[in-house]
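Engineer: Structure incoming, see below.
The values are calculated or read from the model by the stated rules, or taken from the named source; none is laboratory data. Small disclaimer: the values here were computed from a predicted structure and weren't measured. FYI the Cβ positions are ideal-geometry reconstructions off the backbone, even for glycines, and counts take in every protein chain you see. Side chains are part of the model used for accessible areas, which takes the heavy atoms of the whole protein and leaves out ligands, DNA and RNA. Shrake-Rupley method; radii C 1.70, N 1.55, O 1.52, S 1.80 Å.
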Amino acid sequence: MEKRDQLYEGKAKVLFSTDDENCLIQYFKDDATAFNGVKKGTIADKGVLNNLISARLMFLLETVGIPVHFIKRLNDREQLVRRVEIVPVEVVVRNRVAGSMAKRLGIKEGVVLPRPVVEFYLKSDELDDPLITLDHIDVFNWASHEEVELMIEMAHRVNDVLLGYYANIGIHLVDYKLEFGRLNSDMDTLVLADEISPDSCRLWDMKTGKKLDKDRFRRDLGGVEEAYQEIVDRMGVSE
Ligand code: TMP
Ligand code: ASP
């Protein structure tokens, strides 16, 4: 696989074209942002750790039949992925109240939800990723009715798998964000895309409640690198 031009640079990753029009190389940076780019910094080796974590989780999801854009990890910071057109909505799955849900609804962080909640946000840094309704997605054509149904169904399947996986390594999967894309080779096929890492998940140690995710960076809690490394160690994916 030949790496060609840089196509896109996001806040945490860079995408390169390859000699296959349907495949891209996804490069993981150490750059960290929070509050949609307002707070900026770097987390040493975050790219390496997130590459390992996301590759393992995407592989796991694929093995249980969830379609993913991930193909394989190429090296420390790169993975080969299927080229997709990203659906412009972020899908957030919540098992416990935290973050913006706690703030918006005035409910204490940590409260266990009686069932997983799926929310949609518009992918827009300028607008601060506003919470949107299913009607908004429909009326502005961000995704079709079928795609929305599929995203909700896949989000629940992902949640079943990841909740169990994290519980096994002593971690509460509090909430996380998923992104979906339409395959370049077949726009009717929706797959899980982007990454699943401590950048986009809230992960709390089951015994101590210690936060092992990007909230350590967002809230200036310190020990950010160590938290990401702890996830890699518990997952047993250090190479
Ligand atoms: P929130 O509580 O800020 O809405 O975030 C919910 C989850 O989604 C949390 O695990 C962090 C993740 N997330 C992202 O990955 N990117 C984002 O832009 C936002 C707003 C949240
Ligand atoms: N991902 C968003 C950002 O980079 C929001 C966040 O994670 O807090 O700013």
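Engineer: Amide H neighbours of Glu195 under 5 Å, at least 5 residues apart or on other chains, H built in the peptide plane: list them.
Structural biologist: For Glu195, the qualifying residues are Glu179.
Engineer: Stokes-Einstein diffusion coefficient for segment 63-127 at 4 °C in a medium of 1.567 mPa s, Rh from the Kirkwood formula over Cα pairs: what value in µm²/s?
Structural biologist: 86 µm²/s
Engineer: Follow-up. With all protein chains present, how much of the accessible area of segment 119-159 (probe radius 1.4 Å) comes from carbon and sulfur, to the nearest whole percent?
Structural biologist: In segment 119-159, the share of accessible area belonging to carbon and sulfur is 55 percent.
Engineer: How high is the FRET efficiency between Phe35 and Thr189 when r is their beta carbon distance and R₀ equals 35 Å, given to the nearest 0.05?
Structural biologist: Taking R0 as 35 Å, the efficiency between Phe35 and Thr189 is 0.55.
Engineer: OK, next. Can you give the Rg/Rh ratio of the chain, where Rg is from the C-alpha atoms and Rh is the Kirkwood radius? If you can, show how the numbers build up before the last one.
Structural biologist: On the way: Rg = 17.1 Å, Rh = 18.3 Å.
Rounded to two decimals, Rg over Rh is 0.94.
Engineer: While we're here: Could you list which residues have their amide H under 5 Å from that of Phe70, counting only those 5 or more apart in sequence or on another chain, with H placed in the peptide plane?
Structural biologist: Sorted by chain and number, the residues that satisfy this are Arg82.
Engineer: Enter the mean projected area of the convex hull around the alpha-carbon atoms of segment 140-183, in nm², rounded to one decimal.
Structural biologist: With the hull built on Cα positions only, its mean projection is 3.9 nm².
Engineer: Can you give me the span-like helices of the chain, meaning DSSP H runs with 20 Å or more of Cα extent along the axis and Kyte-Doolittle mean at or above 0.0?
Structural biologist: Those that clear 20 Å and a mean of 0.0 are 46-63.
Engineer: May I ask you to give the solvent-accessible area per residue for the chain, in square angstrom, as obtained with a 1.4 angstrom probe?
Structural biologist: Accessible surface, normalised per residue, equals 47 Å².
Engineer: What is segment 38-165 by shape, rounded, prolate or oblate, if you read a ≥ b ≥ c off the alpha carbon gyration tensor as root eigenvalues and call it rounded for a/c under 1.5, prolate for a/b larger than b/c, and oblate otherwise?
Structural biologist: On the way: a/c = 1.39, a/b = 1.26, b/c = 1.11.
Because its axes are fairly even, with a/c under 1.5, segment 38-165 counts as rounded.
Engineer: Right, here's the next one. Roughly how many nanometres apart are two label points built 7 Å out from the Cα toward the Cβ at Asp19 and Leu150?
Structural biologist: Output for this residue pair reads 3.1 nm.
Engineer: In a shell of Cβ-Cβ distance under 9 Å around Glu179, excluding Glu179 itself, what net charge do Lys and Arg (+1) and Asp and Glu (-1) give?
Structural biologist: Local charge sum for Glu179: -1.
Engineer: Once segment 163-225 is represented by equal point scatterers at the alpha-carbon sites, with solvent omitted, what log10 I(q)/I(0) does the Debye formula produce at q = 0.26 Å⁻¹?
Structural biologist: Result of the Debye calculation: -1.07.
Engineer: Additional query: Which whole-number percent is the relative contact order of the chain (Cα, under 8 Å, 6+ apart)?
Structural biologist: The value is 19 percent.
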